[in-house]
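Notes to accompany the following structure.
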């Protein structure tokens, strides 16, 4: 397409045809035409003259030029200079396109799509996902098509099927926006990008992995409607008071447990915002830093740099009062967090664990000695996300007897129970949005003795139940009896094992 071509250089004689690269290649590889008087002279004066910086994919440009029978020469410039030129190229590319080539109509013509994919298509995908309340976007190549899928309220749904030929240029454009190497397709990549949506910018975490059908990408939308404060977490009163008691401690380890995608990081961020009142120094060690928290020193774990355990030991020299460890995922990190808690720091961390009691078992599995853990562990919060009933279509309904027995519901509890129906407003799912369910164990002498003495998770769970510690199943019952969610959804979130124990 003629509109997709930018003049890169002209020969000395007017007879020589212009040497050109398509706009899409220049944008994808971060190069721009170099028409300055500083460009080199020599026997290949008529070679393609381009500006580049340290992030430019020069190898890909050389491959493209060679396939077109062209030579290429680069002049290294400052990134700021190159960025200005790339903005001009992007503006020219957009102006050159027909207004009829809209964001969601490119799939109608595969050949046209391959040559005309632009940043505005990615922007349209993100805008649509944000409007639908999606938490992440999955760009998944298959053998015959490219699927665009949104995760809404924890459930994936396919919103677009594009020609498989569109996969490579779409992922390449995402790499350009994320400042990732376009030509390297054999290894995973992680990055970030911001996309304008209306009058605001949406920040996204980008993960790209190679697959047998091409590169697959996941764009995690940051922020969104996630709770920002302790009040917005809407914890039951007993759990909120227990958590605030833990905040008053001058040292010790507090762990938030749950599976991937259960909202642990959101809860930890809300805790740090609550503690960031100016009276204490707060430092967070994260991989990656998902959101910026005012009043907190946030230390990212960089590839090739220090790991979690090394970073934790390094920040102790900054005399923090509270330390956030993004995730305890290995033995050195668990040991470093425990050591920091032993030396008088309040350490908040997350870990993968089924319930609050299994947090202790997880830390022991990672190598923290029982004698140490029994001293430093002060509390364990566990959580799950459950879908909230759609306010437009849900209707009053008592749960079935098996569900009532599994959740421990009594006849007096059923007056406000509701069930899902489905309507256009909720996309036929019967649910709109999600809420967190919480369980909490605050350590006391019986539990510390159980940990030090070698008791397993089942024995510790029985002790916590006998002591009346609030469990996930307790919160599940509250949400059902208040008509917030359905009995089936709450039971799935609380897990059958815990619900069965309550029964």
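Nothing in this text is a laboratory measurement; each read-out follows from the coordinates by a stated rule. Remember, predicted model here, so these are calculated numbers, not experimental data. Here Cβ is always computed from backbone atoms with ideal geometry, including for glycine, and neighbour counts include all displayed protein chains.
What's the ranking of 271-280, 468-477 by average number of surrounding C-beta atoms within 10 Å, highest first?
Working: 271-280: 14.9, 468-477: 23.0.
The packing order, highest mean first, is 468-477, 271-280.
Mind ranking 138-151, 438-451, 252-265 by how tightly packed they are, going by the mean number of other C-beta atoms within 10 angstrom, highest first? List each step's numbers first, then the result.
Numbers: 138-151: 18.1, 438-451: 19.6, 252-265: 21.6.
Order by mean packing, descending: 252-265, 438-451, 138-151.
In this structure, residue 76 and residue 200 have a Cβ-Cβ separation that, at R0 = 41 Å, corresponds to a calculated FRET efficiency of about 0.70.
Among 292, 197, the ranking by other beta carbons within 10 Å of each residue's beta carbon, starting with the fewest, stands as 292, 197.
Shape summary of segment 387-503, radius of gyration then Dmax from alpha carbon positions: 16.6, 56 Å. Put the Cα centre of segment 289-352 next to the Cα centre of segment 167-228 and the gap is 27 Å.
For segment 106-221, divide the Cα radius of gyration by the Kirkwood radius and give the resulting Rg/Rh value with two decimals. Numbers along the way, then the final one.
Details: Rg = 13.1 Å, Rh = 14.2 Å.
That ratio is 0.93, to two decimals.
Segment 266-288 and segment 459-485 have Cα centres lying 27 Å from one another.
Using 0.36 nm per residue and subtracting the Cα-Cα separation, the extra length available between residue 371 and residue 445 on full extension is 25.3 nm.
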